[in-house]
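The values are calculated or read from the model by the stated rules, or taken from the named source; none is laboratory data. What you are looking at is a predicted structure, and each value in this text was computed from that prediction instead of being measured. Every residue, glycine as well, gets a Cβ built from its backbone with ideal geometry; the counts of neighbours run over all protein chains shown. These area figures cover heavy atoms from the full protein model, side chains too; ligands, DNA and RNA do not enter into them. Shrake-Rupley method; radii C 1.70, N 1.55, O 1.52, S 1.80 Å.
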Amino acid sequence: MSTATAVDERLAPTSLVRKLLGRPELGAVVGAAAVFVFFSFAAPSFLQASSLSTILYSASTIGIMACPVALLMIGGEFDLSAGVMVTTSALVSSMFSYQMTANVWVGVGVSLLVTLAIGFFNGFMLTRTKLPSFIITLGTFLMLTGLNLGFTKLISGSVSTKTIADMEGFSSARALFASQWNVGSVTLKVTILWWLALVAVATWILLRTRAGNWIFAVGGGADAARATGVPVVKTRIGLYMGVALCAWISGQHILFSFDVVQSGEGVGNEFLYIIAAVIGGCLMTGGYGSAIGSAVGAFIFGMTSNGIVYAQWNPDWFKFFLGAMLLLATLLNAWVRKRAEAK
């Protein structure tokens, strides 16, 4: 009798409220609504169509990287090299195309291979050495920072790359990675489409594929996952290569938006990606989170960074608000998860 009752409870339909309480991004959605309402009153220009396009662009540049970083954190790992890897991708494309006087697309292809190799290196070193991902990716971060500056100075003679705007293939590459279009009075950047597409694919992977189950299992406990047949090594390497793929997309956007790349860019951006993922509901301990949450976290970042400007406040306060949001989001996410587990 008790067994039948237990089975009936598991098969019983779940209420909408209970489903919402179980979603990792619930806290982020509540926070996003609060931030939106706050700046709507604090900055009248915040609600203008042109302001919305700027906010979406800022959110997309962070969100493209926050999405794979969120999957990596769900898998229980970090990547402190993600910020400078974006710059590395752009530098390789630019310098290879310029020095080899090749079609720009050749440089783009070489950049993809190099960036994916960096992601593979991070995952391979993590699984082979058993060292914490913090140490592995911190080492990669420092190496890439030095390589970005050293190779750029060695090849270009300065800290920035040479212009490639007059090279064959530049226009078509710009159309893919850095184009924009007008919808009424709103100017939208192609990065918004990249961002939404990546979030959709990541959500599908997490919720509808076997690989998504592997990611949650590895983040929940690698030893237990391995005991049930989950390919832990392949999953971790795949997650790091996913971060590298999105770093390549972001790097190409930077290159084809501004034509030249500064070798010192990207340092510190890895923390913004992690913050967006955590605000979106990812736990630092792994095994919990969502790609949609990372998108909401990136949107909060876009609203805050631009809302402060529209409200004509001192932008020096931005980091304070970012830190406060991180703490509040972490506390709110913990509360939401406890409520969900209690239900």
Taking first residues from region 144-162 that are closer than 16 Å to residue 97 by Cα and second residues anywhere that are of a type in the set (S, T, N, Q) and open to solvent by 70 Å² or more (accessible area, probe 1.4 Å), the pairs with Cβ under 6 Å that are 6 or more apart or on different chains are 160/262
Tell me which of these residue 84 doesn't satisfy, since it passes every other one: (1) surrounded by fewer than 22 Cβ atoms within 10 Å (Cβ to Cβ); (2) part of a helix (DSSP H, G or I). (1)
Residue pairs qualifying under the 7 Å Cβ cut-off, at least six apart or on distinct chains, with the first in region 315-343 being more than 12 Å from residue 27 (Cα to Cα) and the second being at pLDDT below 75 and open to solvent by 90 Å² or more (accessible area, probe 1.4 Å), are 343/18
Condition check: of a type in the set (Gly, Ala, Ser), open to solvent by less than 20 Å² (accessible area, probe 1.4 Å) and either within 21 Å of residue 61 (Cβ to Cβ) or part of a loop (DSSP other than H, G, I, E, B) (or both). Does residue 229 satisfy that? no
Quick check on residue 152: is it part of a helix (DSSP H, G or I), at pLDDT 95 or above and not basic (Lys, Arg)? no
Options 70, 90, 117; residue that is under 25 Å from residue 296 (Cα atoms) and in a helix (DSSP H, G or I): 70
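Listed here are the residues, each with its yes/no results for (1) within 30 Å of residue 146 (Cβ to Cβ); (2) open to solvent by 60 Å² or more (accessible area, probe 1.4 Å); (3) outside any helix (DSSP H, G or I).
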position: 267; (1), (2), (3): yes, yes, yes
position: 283; (1), (2), (3): no, no, yes
position: 305; (1), (2), (3): yes, no, no
position: 320; (1), (2), (3): no, yes, no
position: 326; (1), (2), (3): yes, no, no
For residue 135, indicate whether it is exposed (fewer than 15 other Cβ atoms within 10 Å of the Cβ), at pLDDT 95 or above and part of a helix (DSSP H, G or I). yes
Members of region 23-43 found to be at pLDDT 85 or above and either of a type outside the set (Val, Ile, Thr) or open to solvent by 50 Å² or more (accessible area, probe 1.4 Å) (or both), listed by number: 29, 32, 33, 34, 36, 37, 38, 39, 40, 41, 42, 43
Of all residues in region 177-195, count the ones that are closer than 28 Å to residue 109 by Cα, touching a residue at least 12 places away in the same chain (Cβ under 8 Å) and not charged (D, E, K, R). 8
Restricting attention to region 249-265, which residues are in a helix (DSSP H, G or I) and either open to solvent by 30 Å² or more (accessible area, probe 1.4 Å) or of a type in the set (Ser, Thr, Tyr) (or both)? 250, 254, 257, 258
Does any residue of region 77-100 turn out to be under 26 Å from residue 212 (Cβ atoms), of a type in the set (Phe, Trp, Tyr) and at pLDDT below 95? yes
The number of residues in region 286-300 that are open to solvent by 30 Å² or more (accessible area, probe 1.4 Å) and either assigned to a helix (DSSP H, G or I) or within 14 Å of residue 52 (Cα to Cα) (or both) is 2
